[in-house]
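Bear in mind these aren't lab numbers, they're just calculated from the coordinates by the rules spelled out. The structure displayed is predicted, hence computed values, not measured ones. Every residue, glycine among them, receives a Cβ derived from its backbone with ideal geometry; neighbour counts consider all protein chains shown.
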Amino acid sequence: MNNCMNILKHNHRRLKYYGIYSLSHNKWIRKKNINKAIYPASITKLFTALIVLNQCKLSDKIKVSKTIEAPQLRADLKLNMNYTIETLLQAMLIRSANDAANLLQEYIENKTEQRWTVITKKHCNDYGLNQSSFVNPSGLHKDNHYSTVNDLVTLGKLVYQKKTLMNILKMPRCKLLTSLRYNPVIFNNTNPFINKYGVIAGKTGFTPKAGKCFLFYFKKQDALYLAVMANTDKDKFRQNVVKIIKSV
C-alpha cells in the first residue's frame with residue numbers, strides 16, 4: 001500500500017487532478033482535487049453521446065445538408081451523405097471527430113427545438129453533474145465550459161451503464177463511408193491504451209488550456225476501476241496513465 005501511494009506522491013507535480021474509483025466495490029480508491037474546476041476537452045463527447053442516446057435511435061439517419069465548420073480532429077463528413085446515429089457516435093468517440101459532434105448537436109437542437117446550452121443544463125441536473133457546464137458538444141475550449149474530476153467520474157459511471165457506448169469505446173478502430181464510389185475510411189481510436197495495461201475502454205481529450213485529459217476503465221486483479229485525470233502534461237501522458245494503474 002505504501003509503495004502504491006509513493007508512486008503517485010512522486011508524480012504529484014504532474015498529476016494535480018485525478019480520481020480512481022472502484023466500480024467493483026463502489027468506492028473511491030485515490031483522489032486529488034476532485035472538486036476543483038478543470039476543462040474536460042473531448043471527454044465532453046461522452047456527455048454529448050448520452051444526450052444523443054436519450055433522444056435518438058441508432059438507426060436514425062442524418063443528412064449532411066451544409067458544410068460543417070469544425071477544427072481537427074475531423075471525420076470529414078461529406079456533403080449530401082446520409083449517416084446513421086451509430087456511425088456518427090463512432091466517429092465522435094473513436095476518431096474524436098468534431099464535425100460529427102457538431103452535426104449531432106444541430107440535429108438534437110432541431111429535434112427538441114431547444115438551444116444546446118438549455119439541453120445540456122437540463123441533462124447536467126438530471127445526471128447530478130452539479131459542478132459542470134457544457135456549452136458545446138466537442139469540448140473545444142471556452143472559459144465557461146468546465147467540469148470537475150468528481151463530475152467526470154459520475155459521467156463515467158453513467159456511460160458504463162450504456163452497453164452501446166461501452167461497445168463503441170472498446171473498438172480499436174471504426175469505418176466511415178465518405179462516398180458511395182470509394183472504400184470506407186478507417187479511423188484508429190485516439191485512445192492508445194485499449195487492451196494494454198488492463199485498459200478496456202476510455203476517452204482522451206486535449207486542448208492547450210485543458211492539458212491532456214483521460215477518462216478510462218481498467219481491470220486489475222479481478223476488479224474494475226474507473227479513472228479520470230485532467231490537466232496533465234501531454235508529453236507525460238503515457239507515463240501518468242501507467243502510474244495511475246500501478247497505484248491501485
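From the helices alone, meaning DSSP H stretches of at least four residues, give me the mean residue ellipticity at 222 nm for the chain, per-run term -39500 (n - 2.57), in deg cm²/dmol to the nearest 500.
-10000 deg cm²/dmol
Can you give the extra length, in nm with one decimal, that the chain gains between Asn183 and Val64 once fully stretched, where that is 0.36 nm per residue apart less the Cα-Cα distance?
Value of the extension gain: 40.9 nm.
Compute the normalised compactness of region 45-119: alpha-carbon radius of gyration over 2.2 N^0.38 Å, N being the residue count.
Taking the Cα Rg and dividing by 2.2 N^0.38 Å, one obtains 0.99.
Cut-off is 10 Å between beta-carbons; in what order do Leu158, Leu58, Leu165, Leu226 appear when sorted fewest neighbours first?
Ascending Cβ contact count within 10 Å gives the list Leu58, Leu158, Leu165, Leu226.
For the residue pair Met166 and Lys111, what label-to-label distance in nm results when each label sits 7 Å from Cα along the Cα-to-beta-carbon direction?
A separation of 2.3 nm, rounded to one decimal place.
Just how large is the dipole of region 98-191 about the Cα centre, in debye to the nearest 20, putting +1 at every Lys and Arg Cβ and -1 at every Asp and Glu Cβ?
Once rounded to the nearest 20, the dipole reads 420 debye.
Could you work out which residue, out of Phe214, Phe187, Phe134, moves most in a Gaussian network model of the chain, that is, has the largest mean-square fluctuation with Cα springs under 10 Å?
Sorting by GNM fluctuation, first place goes to Phe187.
Taking R0 as 45 Å, what's the FRET efficiency between Lys78 and Lys36 from their Cβ-Cβ distance, rounded to 0.05?
Calculated transfer efficiency: 0.60.
What ³J(HN,Hα) values, in whole Hz, does the Karplus curve 6.51 cos²θ - 1.76 cosθ + 1.60 give for region 141-147 when θ = phi - 60°, with x put for Gly and Pro?
5, 9, 4, 9, 10, 8, 7
What dipole magnitude, in Debye to the nearest 20, does the chain give about its Cα centre under +1 on Lys/Arg Cβ and -1 on Asp/Glu Cβ?
860 debye
Counting other Cβ atoms within 10 Å of each Cβ, which trypsin sites (Lys or Arg not before Pro) in region 142-229 have at most 14 and sit in a DSSP loop?
Lys142, Arg181, Lys196, Lys209
In whole Å, what are the Cα extents of region 127-216 along the three principal axes, biggest one first?
The Cα atoms of region 127-216 stretch 46, 30, 24 Å along the principal axes, largest first.
Exposed loop sites here are GluC sites (Glu not before Pro) in DSSP loop states with at most 13 other C-beta atoms within 10 Å. What is the longest stretch of the chain lacking them?
Longest run free of exposed loop sites: 114-248.
Within region 81-107, whose backbone N sits under 13 Å from a point 7 Å along Cα→Cβ of Lys142?
102, 105-106, by backbone N distance to the label point.
Using 0.36 nm per residue, how much length does the chain from Gln239 to Val118 gain when fully extended, once their Cα-Cα distance is taken away?
The Gln239-Val118 span can extend by a further 39.7 nm.
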